[in-house]
Amino acid sequence: MKLTICLQGQEPVKREYEDSVLIRDIADEMQKTHPYRIVLARIDGHVQPLSRTLTYGSKLELLDIRDPGALMCYQSSLLLLYIKAVHDVAGKDVSVRINNSLSKGLHTSVRGVRVTETFTAAVEARMRELSAEALPITKQSYSRERLRELMKQYSRIKDLDRLVNMPDVQIVDVFSLKDEMMMSSYELVPDTGYIDLFEVMAYRHGILVRFPHPSNPSVILPFEEQKLLYDAFSEESRWCKLTGVYLSSDLNRSILNGTVRDLVFMNEALHEKKITEIANAIAESGKRIILIAGPSSSGKTTFANRLCIQLRVAGLNPLYLGTDDYFVDRNDMEKGPDGEYDFEGLDALDRDLLNRDLQALIDGKTVDIPTYNFKLGMKEFGKRITSIEPGRPIVIEGIHGLNPALTEQIADSEKFRIYISPLAQLNIDHYNRIPTTDARKLRRIVRDAQFRGINAAQTIHMWPKVSRGEETNIFPYNDLADMFFNSQCIYELAVLKKYAKPQLEIITDDQPEYPEAQRLLKLLSYFVTLVEDDLIPNNSIIREFIGGSVIV
C-alpha cells in the first residue's frame, strides 16, 4: 500500500506499507521528527483515530492540536481523563459538568464534594498517574435503538430523555477509560499516555482544566484572569435557569412540544433588558466615546443600532460611526505575506484621521466624515458633514474598538468600552460543550451564503485567518471593557441549522474543508430544526445573519 504522508508544516513524504498497518505505528515513526504530539489522523479527507487499522487510502494526514479537529480530540480525551480522576478521588456519586471555555481552558463544576485546593491537587495527581499508565481508551458505536435499550437497562432516564429529543442522532459513540464512559462527538486518543500536557486549578467555585493553545502546542500558557468573561458566563447561567434550557435536548423539547415561541420572546427580552442596562450605565457615566468591539459574527452592528435606540430613550442622541469608513485607501495599504490586503489589521485603519475627527466632534467643530467606497478602495468625502451638540455621545463599532491604540489621542476619561460576543452556555450534555467559536462560524457561514455570495467552503477556508486576527486584535483587550454583552440567542443553532446544513452538505470529501464541514454537521444533528422564522422578532441579533432585520 503506497501512502503520501502529510505532517503539518512539513513536506509530504511517500511510504509503502503492507496491506494493513496501524495508523498509530505510522504516527510513532513520524513523531520522531515532529515537534508536537500527533493525536489524530485523516485518510483521504476523512477523520480517523490513531487506533484505526489502515487498509486503504492514498493520503494520510497526521494532525497535532494546531488543527481544529485535533484540538477537540485532545480536549475531549483530557476531559474523559479528568472525569475519571474526579470519580477515583471522590467516588461515582460526585457529578461533573463542563461549563465553558475560560483562560485557555475549560471551567467545570463538581457537585457532591467541597472543591478545595487540596481536592484539586489530588485530582491532578490522579490524572498524572492515569496518564503515566498509558491506559487504553476504547470506542463503541451504538445505534440509536441499541443505546435506548442500554439506557433503559441501566435506568439512565435523563440520558434516555435527551436521546428521545434528538431525532437526527442515529449513531452515538461511547468512549471508555476503565470503568468511566463518556459520549463524544469527536474521536479520542488511543490511550492516556497521549494526554500528558495539562494543568488543573481551583477557580471560582469550580475547577479549571487547562490545556495547550494551538499557538504554542508544547506548553501550557501562563494563566490570565478573565473576570469579565467569567461574570458573563455566570449571567448566562442565570439566563439558562430562567428559560429552563441547559442542554440541546431542552431546546429540542421546547420546539417539539410547541413552547419555543415563549422561549424566543424571553431570550429577546433578556437581550433588551441588558442593552437598556448598558445604555443607562453610559448615561450615568457621562462619557462621550462609546467603543464596541467583538470577534467576527458577534452581532456588533445589530447591537450598536439597538444600543443607539436605548441611548435615545435615556435622553441622549448618539452619533453612530463604523471604523470601516476609516480604512486606509487601498493604494496606500500594504499587502501581507500571502499577497492579500489585511483588512483586519490595525494598520488598515487611518487612525490619525479617526482621532482628529473624534476630537473635533467632541470640541463642537464641524467634521467631514468619510464614507469608504469598497469598489474603488478609497475614502470619499463631502457626504457626511457633521457636528454634534455638547454631551452627545459617539458610538463607534469595529473589531479594534477596545485596542487603546485605535483612539490613543482621545482621553481615557471620555471612553466607555463594550465587548460583545456570543458565549454559548448550551451544552449537548454535561460532558460535551458547544464551543463558542462554532456558533460564530455557523453564523458567518449563513450570512456569507445569504448576502455575500460566499459559499461554506470559502468561509471555512478563511476562518483560520479570521481566528488569527482575533487572537491578535481582539481577545487581548476584552478585559479592558467596562461592560459585556452576550449576543447568543439560546435558540439560534436550531434556526441556523436549516440555512447552514445544505451549505455544508455540498462540500465533498475531495475538498480540504470537508472534515470541518462534517464536524459542524454532526454538531447540528443534536438540534431539531426551528422552521418558523416568523417567531423571531425583526430586530433580533440573529436576523443580522438569516435576513429580515429592520435595524441593520
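Among the strands (runs of 3 or more DSSP E) confined to the range 333-431, the ones with at least 3 residues that are open to solvent by 20 Å² or more (accessible area, probe 1.4 Å) and closer than 28 Å to Lys287 by Cβ are located at 378-386. Could you please give the count of residues in the range 16-44 that are touching a residue at least 12 places away in the same chain (Cβ under 8 Å) and open to solvent by 10 Å² or more (accessible area, probe 1.4 Å)? So the count comes out to 16. Would you be able to say whether some residue in the range 448-460 is among the aromatic types (Phe, Trp, Tyr) and either farther than 19 Å from Ile541 by Cβ or open to solvent by 50 Å² or more (accessible area, probe 1.4 Å) (or both)? Yes, the range 448-460 has at least one match. Just the residues that are among the basic types (Lys, Arg) and open to solvent by less than 20 Å² (accessible area, probe 1.4 Å), please, taken from the range 191-227. Once the filter is applied, which keeps residues that are among the basic types (Lys, Arg) and open to solvent by less than 20 Å² (accessible area, probe 1.4 Å), the range 191-227 yields only Arg210. Among the residues of the range 140-165, those identified as within 22 Å of Leu80 (Cβ to Cβ), open to solvent by 90 Å² or more (accessible area, probe 1.4 Å) and either at pLDDT 75 or above or in contact with a Ser or Thr (Cβ under 6 Å, 6 or more places away or on another chain) (or both) are Gln140, Arg146.
Here is a check on your reading of the model: is Lys92 closer than 23 Å to Arg128 by Cα, within 23 Å of the chain's Cα centre (by Cα) and surrounded by fewer than 20 Cβ atoms within 10 Å (Cβ to Cβ)? In short, no.
Hey, does the range 468-476 have a residue that's surrounded by fewer than 18 Cβ atoms within 10 Å (Cβ to Cβ), over 19 Å from the mean Cα position of the chain (by Cα), basic (Lys, Arg) and not in a loop (DSSP other than H, G, I, E, B)? For the range 468-476, residues surrounded by fewer than 18 Cβ atoms within 10 Å (Cβ to Cβ), over 19 Å from the mean Cα position of the chain (by Cα), basic (Lys, Arg) and not in a loop (DSSP other than H, G, I, E, B): absent. With respect to Glu492, determine if the residue is of a type outside the set (Ser, Thr, Tyr), open to solvent by less than 10 Å² (accessible area, probe 1.4 Å) and at pLDDT below 90. So Glu492 fails the test.
If you take the residues of the range 239-273 that are within 24 Å of Phe485 (Cβ to Cβ) and in a loop (DSSP other than H, G, I, E, B), which of them is nearest to the chain's Cα centre (by Cα)? Looking at the filtered set, the residue picked out is Tyr246.
Okay, residues lined up against (1) in contact with a Leu (Cβ under 6 Å, 6 or more places away or on another chain); (2) part of a helix (DSSP H, G or I); (3) under 27 Å from Ile289 (Cβ atoms):
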| site | (1), (2), (3) |
| --- | --- |
| Ile445 | no, yes, no |
| Ile454 | no, no, no |
| Leu496 | yes, yes, no |
| Leu504 | yes, yes, no |
| Leu521 | yes, yes, no |
| Tyr526 | no, no, no |
| Leu530 | no, no, no |
| Asn538 | no, no, no |
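When Thr55 is tested against (1) open to solvent by 70 Å² or more (accessible area, probe 1.4 Å); (2) free of Cβ contacts under 8 Å to residues at least 24 places away in the same chain; (3) more than 20 Å from Asp191 (Cα to Cα); (4) not acidic (Asp, Glu), exactly one condition is not met: (2).
Scanning the range 168-224 for residues that are farther than 27 Å from Val113 by Cβ, part of a strand (DSSP E or B) and in contact with a Lys or Arg (Cβ under 8 Å, 6 or more places away or on another chain) gives Ile171, Val172, Asp173, His213.
The values are calculated or read from the model by the stated rules, or taken from the named source; none is laboratory data. These numbers were taken from a predicted model, which means no experiment stands behind them. When we count neighbours, we look across all protein chains shown, and the Cβ atoms used for this are built from the backbone with ideal geometry, even at glycine. Quick note on the areas: whole protein, heavy atoms, side chains included, nothing else; ligands and nucleic acids left out. Shrake-Rupley method; radii C 1.70, N 1.55, O 1.52, S 1.80 Å.
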